[in-house]
Amino acid sequence: MYELLQKLHSWWAYLALIVLFIAVVNALIGYTSKKSFESKDLRISLFALIFTHVQLLLGLAVYFVSQKGLKAFEIEGAMKNSELRLTMLEHPLINIIAIALITIGWSKHKKVAQELKFRKIFFFYAIGLVLILSRLPWKTWFA
């Protein structure tokens, strides 16, 4: 069960990052070129929101069944081990914050004038993307 969840979480991460990156670039292009926010832009932003939320759910499932997740807090000296600290604390915490920011960006873009929608999406989604990239377990991803 754990292996399946772990593989799904890892592979879905590629999709989520690609869609989130596309949403950030689309919002940046729309913001800098002063385009109007159209249904295509709405769908791109919504797909990024959905993909990141699915990734969060998969990640939480992995966290609660993994030996490197919640159970790692029982290991003596776990916080001194940087790889273990990343998977048990830093990765989940920072990614929850990142996805919360993406969600805030989605919510705020609906409440602003047409010309500010791209700015809200870009700002919150870009910060979320940077946070997610900062706490990825790169060693295990490319191993």
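The values are calculated or read from the model by the stated rules, or taken from the named source; none is laboratory data. A quick note: this is a predicted structure, and the numbers were derived from the prediction, not measured. A quick note on method: Cβ atoms are made from the backbone with ideal geometry, for glycine too, and the neighbour counts reach across all protein chains shown.
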Filtered residues of region 1-29 (kept if surrounded by 17 or more Cβ atoms within 10 Å (Cβ to Cβ) and under 16 Å from Gln55 (Cβ atoms)): Leu5, Gln6, His9, Trp12, Ala13, Ala16, Leu17, Val19, Leu20, Ala23, Val24
Give the number of residues within region 86-114 that are β-branched (Val, Ile, Thr) and closer than 19 Å to Ser10 by Cβ. 4
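Table: residues versus (1) free of Cβ contacts under 8 Å to residues at least 40 places away in the same chain; (2) in a loop (DSSP other than H, G, I, E, B); (3) in contact with a Pro (Cβ under 6 Å, 6 or more places away or on another chain).
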site	(1), (2), (3)
Thr103	no, no, no
Lys111	yes, yes, no
Gly128	no, no, no
Ile132	no, no, no
Thr140	yes, no, no
Only listed residue being aliphatic (A, V, I, L, M), more than 18 Å from Ser39 (Cα to Cα) and crowded, with 16+ Cβ neighbours inside 10 Å, chosen from Leu93, Leu84: Leu84
Can you report the number of residues in region 48-69 which are buried (at least 16 other Cβ atoms within 10 Å of the Cβ) and closer than 17 Å to Leu101 by Cβ? 7
Name the pairs whose Cβ atoms lie under 6 Å apart, with the first residue in region 22-48 and more than 14 Å from Phe123 (Cα to Cα), the second of a type in the set (D, E, K, R), and 6 or more positions between them or separate chains? Phe37/Lys117
Failed item in (1) at pLDDT 90 or above; (2) among the hydrophobic types (A, V, I, L, M, F, W, C); (3) assigned to a helix (DSSP H, G or I); (4) surrounded by fewer than 21 Cβ atoms within 10 Å (Cβ to Cβ), with Ala98 passing the rest: (4)
Quickly run through region 61-74 and pick out the residues that are of a type in the set (A, V, I, L, M) and free of Cβ contacts under 8 Å to residues at least 24 places away in the same chain. Leu70, Ala72
For Ser36, the lone unmet condition from (1) outside any helix (DSSP H, G or I); (2) surrounded by 13 or more Cβ atoms within 10 Å (Cβ to Cβ) is (2)
